[in-house]
Amino acid sequence: MKNKKQSLIEGSYILLFTAIITKIIGAVFKIPLSSNYCLGDLGFGYFSAAYDLYLPISTLTISGFPVAISRIIADYVANRKQEEIKSVLKTSKKILLIVSIAEFILISALIYPISKFTDSSGQGIYCLLAVLPSVFISSILSLYRGYFEGLSQMKPAAVSNIVEALGKLILGFSFAFLIIKFTNNVAFAAAGALLGINIGLLISLLYIYVKYRISSKEFSNNNYKTNINLTKSIIIVVLPVALASLGTSFVALIDSLTVRVQLSMLINDFEGFYKSLIDELNLTSSELPTVLYGIKSKAFTLFNLVLTLTTALGISVVPTITECKVHNDNIALINNSNSSLKLTTLICFPIALGFVFVGNNIMTFLFGNSAYSFIGGKMLLIYGLAAVFAGVSIVLSNILQGIGSFKTVFLNISFGIILKVIFNILFTSVSKFNIYGCCYSTLICYFVICCLHVISFYKNTGTLPIANIFIKPFFASTICGLTAFIICNISESKMLFLCAIVSAAIIYFLCLLILKFFTFQDMQSIPFVNKIYNMCKNTKK
């Protein structure tokens, strides 16, 4: 049990570290991309609307198909059926090819109607066309990531994520910057940024495929078996896991399809609310919904930071939980689940509540002190509350899938998504809520999903140590957020803001120590702490 937990934590740290790096790279990409020196808010609005359409494809690549294939391969390894892994891989490849072709045809058919429905100017169609190549590249990439994660080899998938992020940064920004300089057309430049993302995906695929060719010699059996039973068993696992993973990206997709349309109907009602923004950016009424959507996307990008980190933790737990379930080791299953949830709340809560307490300061620090950063700051406050529930629900989704509760996860997320659609349309149709309506509907969506997942987890395991996993880090995070809020209100200095973040982080860990959140086993599971402990032990001998 201890070895399983150690393997789980090590895998978690690898993917967590990777998620942090890729998020930093993503911020370095999106912050200058959305600046007035490149796309600006209007161009970033075009980019974000198309990127939100790409997000479901990206999610399938990162946490949909990989988790499903990882779960299947982990099951085969746990049952000592290593010789059949290549059969699983080959059959999965055929299934994904069919899915990719269907996705490509569907998106191609819908591009023009979506463009006309969501954007009266018609300029967004270039970005939508630029998304298409990612359909095929992402599907194949997800297959190999799932293969390595199922074998509990997290490094190849982690490196491929970093390669993808670097390709996005270097190529995506370069294409957008050069196009804007030569054409001065923000719609073309936004499409160029998306094209760079596709090339980054392709480079990432080449890396992980080479890695697979080298490592697959371990499974040298050439008697591949593809039969109808194997295909059915893969689809039974892949379908609900893949659809459940789309929950997060569907939130962005729903916003992409509904928000600008609803805002366009409210132009005469709330134009006065944003007079300073219209004057500052010299906008027309028809451009205002796209600009507001661009501002929302900046806040959502920061909210997505929590989701990215917790997705990495969730992916790492699947093979271990699957193995525990196969061997009916309920004690190990509970301990590993609790360890993952504990690590999730440790990281997720302070970031989420930081958005609540100093969201406006964060937006000002990143995007400058202006009308649109103030609007984004109010959005980030709401997204911060949503992130508390979103972070926990993502990891619980993966734990429940590892247990085998695919249908439960799918139904819970589907119910949350239905509520998201309903409240999105209701709230954004009211001038009092307008653009903030999509933030409130996201909060409701994740609150419901999290509650349903917690109930499902308790039913499956019969236990949930709420005090140590949830209450202690929430209390410490609240103190942490209040510390940052008090310091930030002394002055608007950017240096003071950085001091506030550092001080809040120190206060947070001191609170956790006082509350006895960390156990000796928790400290030992951190790689560098474990090495120091072993060195001290050897020296003592």
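May I ask you to list pairs of residues, at least six apart or on different chains, whose Cβ atoms are under 7 Å apart, with the first in segment 171-193 being farther than 17 Å from GLY45 by Cβ and the second being at pLDDT below 85?
PHE173/PHE29; PHE173/PRO32; PHE173/LEU33; PHE177/CYS38
Any residue in segment 410-433 that is under 17 Å from the mean Cα position of the chain (by Cα) and either within 23 Å of VAL502 (Cβ to Cβ) or of a type in the set (A, V, I, L, M) (or both)?
Scanning segment 410-433 turns up at least one residue that is under 17 Å from the mean Cα position of the chain (by Cα) and either within 23 Å of VAL502 (Cβ to Cβ) or of a type in the set (A, V, I, L, M) (or both).
For the list (1) within 30 Å of MET154 (Cα to Cα); (2) surrounded by 21 or more Cβ atoms within 10 Å (Cβ to Cβ); (3) β-branched (Val, Ile, Thr); (4) modelled with pLDDT under 75, I need the number of the one condition that VAL77 fails.
(2)
Out of CYS445, CYS450, report the one residue that is surrounded by 19 or more Cβ atoms within 10 Å (Cβ to Cβ) and under 21 Å from GLN262 (Cα atoms). Reasoning before the result, please.
Working: CYS450 fails: under 21 Å from GLN262 (Cα atoms).
Going through CYS445, CYS450 in turn, the sole match is CYS445.
Residues that are touching a helix residue (DSSP H, G or I) at 6+ places or on another chain (Cβ under 9 Å) and over 25 Å from ASP75 (Cβ atoms): does segment 313-336 have at least one? I'd like the intermediate steps shown before the answer.
Narrowing segment 313-336 to residues touching a helix residue (DSSP H, G or I) at 6+ places or on another chain (Cβ under 9 Å): 313-327, 329-336.
Subsequent filtering for residues that are over 25 Å from ASP75 (Cβ atoms) retains none.
Within segment 313-336 (the criterion being touching a helix residue (DSSP H, G or I) at 6+ places or on another chain (Cβ under 9 Å) and over 25 Å from ASP75 (Cβ atoms)), the answer is no, since none of the residues qualifies.
Name the single residue, out of those in segment 80-108 being assigned to a helix (DSSP H, G or I) and at pLDDT below 70, that is farthest from VAL251 (Cα to Cα). Outline the logic, then answer.
Our first condition is that a residue be assigned to a helix (DSSP H, G or I); within segment 80-108, this holds for 82-108.
Imposing the further condition that a residue be at pLDDT below 70 reduces the set to 82-84.
Details: GLN82: 38, GLU83: 40, GLU84: 37 Å.
If we take residues in segment 80-108 being assigned to a helix (DSSP H, G or I) and at pLDDT below 70, then GLU83 is farthest from VAL251 (Cα to Cα).
Where in segment 393-507 are the helices (runs of 4 or more DSSP H), entirely inside, with at least 3 residues that are over 24 Å from PHE349 (Cβ atoms)?
Working: elements: 406-428, 437-461, 472-488.
Passing ranges, in order: 406-428.
Please work out which residue is surrounded by the most Cβ atoms within 10 Å (Cβ to Cβ), limiting yourself to segment 177-188 and to residues that are out of contact with any Leu (no Cβ under 6 Å at 6 or more places or on another chain) and not aromatic (Phe, Trp, Tyr).
As a first pass, look at segment 177-188 and keep what is out of contact with any Leu (no Cβ under 6 Å at 6 or more places or on another chain): 177-185, 187-188.
Add one more test, that the residue is not aromatic (Phe, Trp, Tyr), and what stays is 178-181, 183-185, 187.
Numbers: LEU178: 12, ILE179: 22, ILE180: 21, LYS181: 10, THR183: 12, ASN184: 9, ASN185: 15, ALA187: 24.
Checked segment 177-188; the qualifying residue surrounded by the most Cβ atoms within 10 Å (Cβ to Cβ) is ALA187.
Name every residue in segment 109-147 that is among the polar types (S, T, N, Q) and modelled with pLDDT under 75, in order of residue number.
Filtering segment 109-147 down to residues among the polar types (S, T, N, Q) leaves 115, 118, 120-121, 123, 134, 138-139, 142.
Matches in segment 109-147: SER115, THR118, SER120, SER121, GLN123.
Would you check if there is a residue in segment 114-134 being touching a residue at least 40 places away in the same chain (Cβ under 8 Å), out of contact with any helix residue (DSSP H, G or I) (no Cβ under 6 Å at 6 or more places or on another chain) and β-branched (Val, Ile, Thr)?
Looking only at segment 114-134, we keep the residues that are touching a residue at least 40 places away in the same chain (Cβ under 8 Å), and these are 114, 117-121, 123-124, 126-131, 133-134.
Right, trim to out of contact with any helix residue (DSSP H, G or I) (no Cβ under 6 Å at 6 or more places or on another chain) and you get 114, 117, 119-121, 129.
From the residues that got through so far, the ones that are β-branched (Val, Ile, Thr) too are 114.
Looking for residues that are touching a residue at least 40 places away in the same chain (Cβ under 8 Å), out of contact with any helix residue (DSSP H, G or I) (no Cβ under 6 Å at 6 or more places or on another chain) and β-branched (Val, Ile, Thr), one finds at least one in segment 114-134, hence yes.
Among (1) more than 25 Å from LEU343 (Cβ to Cβ); (2) surrounded by 24 or more Cβ atoms within 10 Å (Cβ to Cβ); (3) at pLDDT 90 or above, which single condition is LEU419 missing?
Condition not satisfied by LEU419: (2).
Which residue, of SER456, SER477, SER493, SER431, is without any contact (Cβ under 8 Å) to a residue 40 or more places away in the chain and of a type in the set (Ser, Thr, Tyr)?
Values: SER456 fails: without any contact (Cβ under 8 Å) to a residue 40 or more places away in the chain; SER477 fails: without any contact (Cβ under 8 Å) to a residue 40 or more places away in the chain; SER431 fails: without any contact (Cβ under 8 Å) to a residue 40 or more places away in the chain.
None of the others qualify; the one that does is SER493.
So, LEU380, is that one modelled with pLDDT of 90 or more, assigned to a helix (DSSP H, G or I) and not assigned by TED's automatic domain parsing to the domain that holds TYR508 or not?
Working: modelled with pLDDT of 90 or more: yes; assigned to a helix (DSSP H, G or I): yes; not assigned by TED's automatic domain parsing to the domain that holds TYR508: yes.
Here the answer is yes, as LEU380 does meet what is asked.
Give me the residue from segment 337-369 that is among the polar types (S, T, N, Q) and closer than 30 Å to ASP75 by Cβ and, out of that set, surrounded by the fewest Cβ atoms within 10 Å (Cβ to Cβ). So that I can check it myself, show each step before the final result.
Looking only at segment 337-369, we keep the residues that are among the polar types (S, T, N, Q), and these are 337-340, 344-345, 360-361, 364, 369.
With the extra rule that they be closer than 30 Å to ASP75 by Cβ, the set shrinks to 337-340, 344-345.
Values: SER337: 28, ASN338: 18, SER339: 23, SER340: 28, THR344: 26, THR345: 26.
Filtering first and then ranking leaves ASN338.
The values are calculated or read from the model by the stated rules, or taken from the named source; none is laboratory data. Please read these numbers as outputs of a predicted model, since none were measured by experiment. Glycine gets a Cβ as well: all are built from the backbone with ideal geometry, and neighbour counts include every protein chain shown.
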